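K.L.:
Shown below is the structure under consideration.
Any read-out appearing in this document is the output of simple, stated calculations on the displayed coordinates, not a laboratory observation. Computed from a predicted structure; not experimentally measured. Glycine also receives a Cβ, built like all others from the backbone with ideal geometry; neighbour counts cover every protein chain displayed.
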Ligand SMILES: *Cc1c(COP(=O)(O)O)cnc(C)c1O
C-alpha cells in the first residue's frame, strides 16, 4: 500500500486547485456604464421619486423577482442587514423569541437582537443539518414570534411541515437563503416559502456584488416595511403609511448603482454555476458513497441543493482516529492551499452559536442584560448540551469541502475522493501516527 503523505510518502496531487474567477467583461462594462452616468447612487431618504433608488437598483430587483416569480424583491447592502430588516418588518418586539438554528452564520441569530428579540436555538436533523418542524416545536412558547429557517450549506429545509406548524401557532417565518440562491423545494423557489426571505451577495457566495443582499416576499405590506427600514423609515411614514408604526425607525442599508449593475450580470450566471456544482456534487457523492468511514450528504425529498459548500460526515469510531488527524492526512495528499477556497477538507463549520460570549454572558445591547431582561422570569440557558446534534457535528463529525464549485472538474473531485480513499485504506498507519 502507498505510504501516506503525512508520514513522508508521496502526495497524490501537487497541482493547485484553480480559484474561481468571478468578474468578467460583462461586469466591467456594466460598471463603466454606471461610471459614465456619474450617478453612483440615486437614493434619497425622503418622500418623492427617489426613495426607492435609481435605475440599476430597480432593474436588479425586478430582474430577481421576475426570474423566480417573487412579487417583491428589495435590495440591501448585505444579507446581515437584510435579516435585520426582515426581523423589523415582521414586527419582532423586545422580549419576543425567535427560533433559529445555532449551526449557521452568526447574523441569522443576531438579527433578532437588534430589535430586542431573543434567539432560542433549535437542534438540527443529523442528515440534512437543517432545523425541522419537530426540533422547532420543542422551542415554541407563548413568547415565540418568528422562526428563522436557514437553508444551510445550500439545501432547502423541509418547509411544508415548518409552515404548517408556524401557521398553527401564528408565527412569522423568515428564510435565510444566503447559501441557497436559486434553490427549489418541491418545485417552488426558496425565499417565499415563508413570509420573507433573504439572499447574500457577499464575495464568497455563489454570485456577488462585493457586498450586498436581497430580500424577497409576496406580501406587499412586508415589502413596504422593508423598503422603508432600508432607507430612513422615520422620514417616510407619513407619506407611505405602513399598517403599523412599530419598528419604523430606519437606517441606510442601500445598495449602490455600481453594485446593482454588477448584480444584474451576475444573476444571469447563477443557473450555470448551480448546474456545474450539481454535476460535481453528484460525481463526488457517487465516489464517496462506496467508502466506509465517511458519508456524502443526504438529500431530503423534494429539496434542492446549491452546494455553497459540500458537507461530508466523518465516522470517527469506524476509522479509529480523531477527525483532526484524518483531515490533516487527506489535505497532506493534496496541494497546499494558498486560499481557503483551495482546501481539500475543512474541519467543522461554525461553533454552535449559543456558546458565543454574547449568549453566555447575555450581554448584547448595552451592559444590563437587554433583551433578556425583558423576560425576567424565564431562565434562558445557552449551556452546552442545548443542541446535542449540532455539538456532535461541530466536535466530531462535520467536514466540508469548498472544492465543489466552478471552474473545477470531475477530475478534481476524483483527486479529492482518491485522497480520502487512500487515507481510509491506510487507517492502520494513521492510527499509529501522532
Ligand atoms: C453569508 C451568510 C450571511 C450573511 O451574509 P452577508 O451578506 O455577508 O451579510 C447570513 N446567513 C448565512 C447563512 C450566510 O451564509
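K.L.:
To make sure I understand, if each residue's beta carbon is the centre and we count other beta carbons within 10 Å, what order do 412, 377, 219 fall in, fewest to most? Could you put the intermediate results ahead of the total?
P.N.:
Numbers: 412 22, 377 4, 219 17.
With the fewest neighbours first, 412, 377, 219 line up as 377, 219, 412.
K.L.:
Evaluate the distance, in nm, between pseudo-label points positioned 7 Å from the Cα of residue 269 and of residue 337 along their respective Cα→Cβ axes.
P.N.:
Placing both labels 7 Å along Cα→Cβ, they lie 2.1 nm apart.
K.L.:
Starting from 0.36 nm per residue, how many nanometres of slack lie between residue 324 and residue 71 once their C-alpha separation is accounted for?
P.N.:
The residue 324-residue 71 span can extend by a further 86.4 nm.
K.L.:
Still on this structure, please answer the following. Sort 200, 41, 106, 367 by Cβ crowding within 10 Å, fewest neighbours at the top. Can you show the working numbers first?
P.N.:
Working: 200 29, 41 18, 106 14, 367 8.
Going from least to most buried by this count: 367, 106, 41, 200.
K.L.:
Sticking with this one: In whole angstrom, note down how far apart the Cα centers of the range 305-328 and the range 1-66 are.
P.N.:
Cα centroid of the range 305-328 versus Cα centroid of the range 1-66: 30 Å apart.
K.L.:
Right, here's the next one. GNM on the chain, C-alpha springs below 10 Å: top fluctuator among 275, 239, 178?
P.N.:
Top of the fluctuation ranking is 239.
K.L.:
Under a plain spin-label model, where a point goes 7 Å from the Cα along Cα-to-Cβ, how far apart in nm are residue 235 and residue 38?
P.N.:
According to this spin-label approximation, the distance is 2.3 nm.
K.L.:
May I ask for the equivalent-ellipsoid semi-axes of the range 15-112, computed as the square root of five times each C-alpha gyration tensor eigenvalue and listed largest first in whole Å?
P.N.:
On the way: eigenvalues 178, 118, 33 Å².
So the three semi-axes of the range 15-112 are 30, 24, 13 Å.
K.L.:
Cα convex hull of the chain: how many Å³ per residue?
P.N.:
147 Å³
K.L.:
Could you tell me how many cubic angstrom of Cα convex hull volume the range 25-266 has per residue?
P.N.:
Looking at the range 25-266, the number lands at 110 Å³ per residue.
K.L.:
Oh, and also: Could you tell me how far the Cα centroid of the range 185-218 sits from the Cα centroid of the range 389-434, in Å?
P.N.:
Spelled out, the Cα-based centre of one part sits 29 Å from the other.
K.L.:
Where does the chain land at 222 nm, in deg cm²/dmol rounded to the nearest 500, when only DSSP H runs of n ≥ 4 count, each adding -39500 (n - 2.57), divided by all residues?
P.N.:
-10500 deg cm²/dmol
K.L.:
According to a simple spin-label model (label point 7 Å from Cα along Cα-to-Cβ), what is the distance in nm between residue 143 and residue 23?
P.N.:
It is 4.6 nm.
K.L.:
Order by neighbour count: 110, 141, 85, fewest other Cβ atoms within 10 Å first, most last.
P.N.:
Details: 110 21, 141 11, 85 30.
If I rank by nearby Cβ atoms, fewest first, I get 141, 110, 85.
K.L.:
Identify the residues of the range 393-434 with backbone N under 13 Å of a label point that sits 7 angstrom from the Cα of residue 15 along the Cα-to-Cβ direction, or state none.
P.N.:
Counting only backbone N, you get 408-415.
K.L.:
Using alpha-carbon pairs under 8 Å, 6+ residues apart, how would you state the relative contact order of the chain in percent? Could you put the intermediate results ahead of the total?
P.N.:
Working: 899 pairs, mean separation 93.6, N = 434.
So the answer I get is 22 percent.
K.L.:
Here's a follow-up. Work the Kirkwood hydrodynamic radius out for the range 141-240: mean of 1/r over every pair of different alpha-carbon atoms, inverted, in Å.
P.N.:
Numbers: mean 1/r = 0.0683 Å⁻¹.
For the range 141-240, inverting the mean 1/r across all distinct Cα pairs yields 14.6 Å.
K.L.:
I would also like to ask the following. If each residue of separation counts as 0.36 nm, what is the full-extension length gain between residue 292 and residue 279 once their alpha-carbon separation is subtracted?
P.N.:
Here the segment from residue 292 to residue 279 would lengthen by 2.4 nm.
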